[in-house]
Amino acid sequence: MATEEASSTLPSYPDMIMEAIDALNEEEGSNKSAIWRQIEGTHGTLPPAHGTLLAHHLNQMKQAGQLVMLKNNYMKPNPNAPPRRGRGRPPKPKASVPVPDGYPRPRGRPPKERVPYAPITVPMKKTTTESSSGGSGKKRGRPRKYPMTEETPVAVKPIGTPRGRGRPPKVKTPVAATVGA
């Protein structure tokens with residue numbers, strides 16, 4: 001019950017920290033142990049987790065900008081100091097690009113310039129087999145090992161069914177049946 005009464009009469013940790021820094025009034029700031037001793041001397045009974053709570057609130061206040069840390073010493077920030085810049089490279093200033101004629105640019109590659117007085121020519125579709133195979137007359141891909149043409153001798157042509165593509169299936173050996181007595 002005594003700890004409940006003591007903890008209810010204690011001000012908040014940020015208030016106690018600011019009071020301690022004001023009371024210490026050191027030129028280069030106050031370190032954590034000096035703030036600890038000042039709070040302990042001023043308020044007497046403190047909760048058992050005082051060290052953890054003090055460190056937590058000091059870090060929170062430092063992140064929020066209420067305190068500045070310099071050489072392991074905490075101090076109040078200078079009101080005339082410029083605002084602190086974040087980590088990393090600052091972003092480039094965005095220059096506004098004027099939009100031509102009030103509409104966004106179309107997607108894709110822009111069309112070629114055309115001469116306005118030239119006649120429009122539509123290419124004719126080829127009907128030969130060259131157009132489907134790319135124009136060279138050859139088939140795509142690797143040529144067959146034994147090309148099948150009329151002038152190929154009969155002895156070179158493969159006999160039976162041609163092998164399929166890929167790895168052949170694994171041959172399963174028959175299991176010998178056990179003889180019962």
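Selection over region 64-83 of residues that are under 13 Å from PRO14 (Cα atoms) and either of a type in the set (Gly, Ala, Ser) or part of a helix (DSSP H, G or I) (or both) gives a count of 2. On the given criteria, is LEU54 at pLDDT below 90, surrounded by 16 or more Cβ atoms within 10 Å (Cβ to Cβ) and among the hydrophobic types (A, V, I, L, M, F, W, C)? Answer is no for this residue. Here VAL122 qualifies as aliphatic (A, V, I, L, M), loosely packed, with under 10 Cβ neighbours inside 10 Å and at pLDDT 75 or above. Identify all residues within region 24-58 that are more than 12 Å from LYS76 (Cβ to Cβ), touching a strand residue (DSSP E or B) at 6+ places or on another chain (Cβ under 9 Å) and in a helix (DSSP H, G or I); write none if there are none. Matches in region 24-58: LYS32, ALA34, ILE35, GLN38, LEU58.
The values are calculated or read from the model by the stated rules, or taken from the named source; none is laboratory data. It should be emphasised that the depicted structure is a prediction, and the values quoted were computed from it without experimental measurement. Cβ: placed from backbone, ideal geometry, glycine included. Neighbour counts: every protein chain shown.
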